[in-house]
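The values are calculated or read from the model by the stated rules, or taken from the named source; none is laboratory data. Note that the structure is a prediction, hence the values are computed from the model and not measured. FYI the Cβ positions are ideal-geometry reconstructions off the backbone, even for glycines, and counts take in every protein chain you see.
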Amino acid sequence: MRIARAIACLMLAGAVSLLTGAEGVPATTYVDEDAAGKLDILGDVAVVMTGNDPFINRIMEDVIAVELLSHGIGIAYPEEADLGKPGRLDDDPMAVVRSVGADALVTGMVVTEPPGDWQFRTVRVSIASLSLVDVPMDKTLIWSLYEPEEAVTATRIAREFAGCLVDNLK
């Protein structure tokens with residue numbers, strides 16, 4: 001019985017946190033007029049993130065890539081042999097774009113919250129600035145800044161941004 005109550009309390013706490021502002025909604029978004037109608041002609045997209053935690057950068061890249069793939073947008077990745085080496089391609093996002101022949105680039109900066117007392121916690125994002133660049137036009141089509149009141153998971157922000165891209169490129 002005590003276990004059932006504890007589980008119910010945890011579930012209720014999780015539901016409340018979802019409803020009380022721990023959302024991945026952007027603080028501000030810029031959408032260029034040239035973004036409209038690009039969804040069908042976007043081509044392959046490279047995803048390269050920077051920030052204070054390389055692990056979270058990779059997670060953000062993967063979640064954004066998976067979300068875009070689920071909407072039928074092609075993703076271009078660098079060769080596996082180039083990943084993890086000194087001077088890796090993603091030190092320069094445009095080097096990645098050139099290496100994979102992508103038509104667009106999703107890039108940005110992700111800052112995670114300072115570490116807590118408990119080392120095995122879920123890492124959360126405090127601020128993220130993400131953008132979609134049309135490479136041939138050398139133009140930022142969409143830019144969003146996320147500053148949640150309470151830090152959120154990288155997955156939540158990545159999914160929100162991918163949805164924002166798809167909605168604004170239609």
_Criterion violated by Arg88 - all others in (1) touching a helix residue (DSSP H, G or I) at 6+ places or on another chain (Cβ under 8 Å); (2) among the charged types (D, E, K, R); (3) modelled with pLDDT of 90 or more satisfied_ = (3)
*Report whether or not Ala154 is modelled with pLDDT of 90 or more, under 18 Å from Ala65 (Cβ atoms) and of a type in the set (A, V, I, L, M).*
no
*Count of residues meeting criterion [outside any strand (DSSP E or B) and either among the β-branched types (Val, Ile, Thr) or buried (at least 18 other Cβ atoms within 10 Å of the Cβ) (or both)] in the range 152-170*: 13
*Look through the range 91-115, keep the residues that are within 20 Å of Asn52 (Cβ to Cβ) and assigned to a loop (DSSP other than H, G, I, E, B), and return whichever of them is modelled with the lowest pLDDT.*
Pro115
